[in-house]
Every structure is written in structure tokens, then in C-alpha cells.
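Notes follow the structure.
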Amino acid sequence: MNFYFNPWMWGAQMNNNMLTYLLIAMAVPLLAQIYLKSTFSKYKRERASSNLTGYAVARRILDANGLQHVQIQETQGKLTDHYDPRTKTVRLSPSIYHEPSVAAVSVAAHEVGHALQHAQDYGPLKLRTVLVPVVNVANRLGFFAIMLGIILEAFVIAEIGIIMIASLFIFQLITLPVEFNASNRALVALSDMNILYDQTEKRGARKVLTAAALTYVAALIVALMEMLRWMAILNSSRGRRR
């Protein structure tokens, strides 16, 4: 059997790969967001039998764990809920802060889960917090390094850029255990403190938190596809040089 190098076929294959990576990077987060919004919308309409708002649930769990110093603030937007380790503040969006729905108490408990991680020096959270500024800088500079390396045909510079962009993939990989652990803490607290009474509510809470977790899985896949796409672009540029 004879083997030979056909640059046109090779180039077409690289273009197909790049298109595939781009389509996956676009489709996966869109599907994750659709599922999250659908799940959240469903359980936003279901009132928690405890009749506690997201704020009340967050405060109750924090106080039960000796975290009276952690603040809870309302923040604007939809599904903008987060925990800020710098100020030790749980920030809840209006629909979470004020409403006593299964969705609201689940999200509030999840964000408190991050506060519990912080208080207990949970390793992956500490590592993620340290990496945030590093990844932000590396991701921005990585793009310019890749473009500069390709334009100048200094492919070592482009390779360094890809390594810098790969830091985002590593960051998203570290984020997964942080988010899953916070959700597990939330479900345990909601059950042990009788905030959610019956199995139907508990299943609803699990579905809400699973849907939210899938957005982080989607972010990991997007980071991987972006890294592979730039690798394909770099390989295609090298092929044209030969």
C-alpha cells in the first residue's frame, strides 16, 4: 500500500476539525443553559413546604455552622448568585433572595456551601481562588501569543500561547469538584435541617443543582474545544508553511 501526503486533503480535514470544535463549543453551553432555565423555571413555581425564602435558608445554614459573620446581600440580575470569598459574602439574585421556592432554597443553600468550604479551608476552592487572576491574564495573553506566533511563523510563541489558553481548561477542571461538593453540602443541609421535608422536594432540589452543575461541565468542554481549535489552527499554519 502506498502512502503519500496530500496537502489539500490534509487542509480540508483540519478545516473540518476546526468547524467541529467550534460547533461543539457553541452547542454545548447553549443546551446546558436551556436545560438549566427549564429546570429552574419548573421548580421556581413549586413552593417549599418550609415556606422559607432563599435569604432565610442561607442565614439559617450559616448560623447553624457558626458563620454569623458571613453576610448575605441581594445582587441584581438573574441567576447571578455567588459567594465572594474576599468579603465573605453570599450574594443572591432577587428571585432567590425573596422567594420560598424549591429552586430558590436550593440555589441559596448551594452558595452557602461555598461559604462552608471557605470556612473549612477546602483545598480545591483555595486553589481556584488563587488561580482566578492568573487564568484571566494567561487567557488574554495566550490569544495574542498564538496570533503573533502564527503571523511571524514563530510557532514556539504560538505553542506557548496555547499552553496559556490551556490554563482555562485546568481552571474549569478544578471548578468541577468545587461546585459538586457545594451542591452535596447544600443537599445534606436542606435535608438534615428539615428545610425540605419530602422526597419530591428533595428530588427537585437535586435536579436544580444538577442542572446548574451541567453549566460548569459545559464550560469545561468549551475550554477543551477552544484549546483543540487553536491547536488545529496552528497545525494548519505549519502545514501551509511546508
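The values are calculated or read from the model by the stated rules, or taken from the named source; none is laboratory data. Since the structure is predicted, the reported quantities are computational estimates derived from the model, not experimental observations. A quick note on method: Cβ atoms are made from the backbone with ideal geometry, for glycine too, and the neighbour counts reach across all protein chains shown.
Numbers for the structure displayed
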{"item": "Filtered residue count, the range 80-114, keeping only those that are more than 23 Å from Thr39 (Cα to Cα) and within 17 Å of the chain's Cα centre (by Cα)", "result": "2"}
{"item": "The range 188-198, subset in a helix (DSSP H, G or I) and in contact (Cβ under 8 Å) with a residue 40 or more places away in the chain, residue surrounded by the most Cβ atoms within 10 Å (Cβ to Cβ)", "result": "Leu190"}
{"item": "Qualifying residue in the range 181-191 (condition: of a type in the set (A, V, I, L, M, F, W, C), within 16 Å of the chain's Cα centre (by Cα) and at pLDDT 95 or above)", "result": "yes"}
{"item": "Residue that is farthest from Arg203 (Cα to Cα) [pool: residues in the range 22-37 that are in contact (Cβ under 8 Å) with a residue 60 or more places away in the chain and out of contact with any Leu (no Cβ under 8 Å at 6 or more places or on another chain)]", "result": "Leu22"}
{"item": "Residue list for the range 192-205, restricted to those being over 17 Å from Asn51 (Cβ atoms) and within 25 Å of the chain's Cα centre (by Cα)", "result": "Arg203"}
{"item": "Members of the range 42-88 that are within 20 Å of Tyr216 (Cα to Cα), without any contact (Cβ under 8 Å) to a residue 40 or more places away in the chain and not acidic (Asp, Glu)", "result": "Gly77, Lys78, Thr80, His82, Tyr83"}
{"item": "Single unsatisfied condition, Val102 versus (1) within 14 Å of Ala166 (Cβ to Cβ); (2) buried (at least 18 other Cβ atoms within 10 Å of the Cβ); (3) touching a residue at least 24 places away in the same chain (Cβ under 8 Å)", "result": "(1)"}
{"item": "Which numbered condition Asn51 fails, given (1) within 19 Å of Ala104 (Cα to Cα); (2) touching a helix residue (DSSP H, G or I) at 6+ places or on another chain (Cβ under 9 Å)", "result": "(2)"}
{"item": "Test set (1) within 25 Å of Thr210 (Cβ to Cβ); (2) at pLDDT below 90; (3) of a type in the set (Phe, Trp, Tyr) - Phe3 fails condition number", "result": "(1)"}
{"item": "Val178, sole failed condition from (1) at pLDDT below 95; (2) closer than 27 Å to Arg60 by Cβ", "result": "(1)"}
{"item": "Residue within the range 148-157 that is without any contact (Cβ under 8 Å) to a residue 40 or more places away in the chain and within 23 Å of Thr89 (Cβ to Cβ) present", "result": "no"}
{"item": "Qualifying positions in the range 62-79 - under 22 Å from the mean Cα position of the chain (by Cα) and on the phi > 0 side of the Ramachandran plot", "result": "Gly77, Leu79"}
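Here is a yes/no grid of residues against (1) at pLDDT 95 or above; (2) surrounded by fewer than 14 Cβ atoms within 10 Å (Cβ to Cβ); (3) of a type in the set (Phe, Trp, Tyr):
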{"site": "Asn136", "(1), (2), (3)": "no, yes, no"}
{"site": "Glu153", "(1), (2), (3)": "no, yes, no"}
{"site": "Thr200", "(1), (2), (3)": "no, yes, no"}
{"site": "Ala205", "(1), (2), (3)": "yes, no, no"}
{"site": "Leu220", "(1), (2), (3)": "yes, no, no"}
{"site": "Met225", "(1), (2), (3)": "no, no, no"}
{"site": "Met231", "(1), (2), (3)": "no, no, no"}
{"site": "Ser236", "(1), (2), (3)": "no, no, no"}
{"site": "Arg241", "(1), (2), (3)": "no, yes, no"}
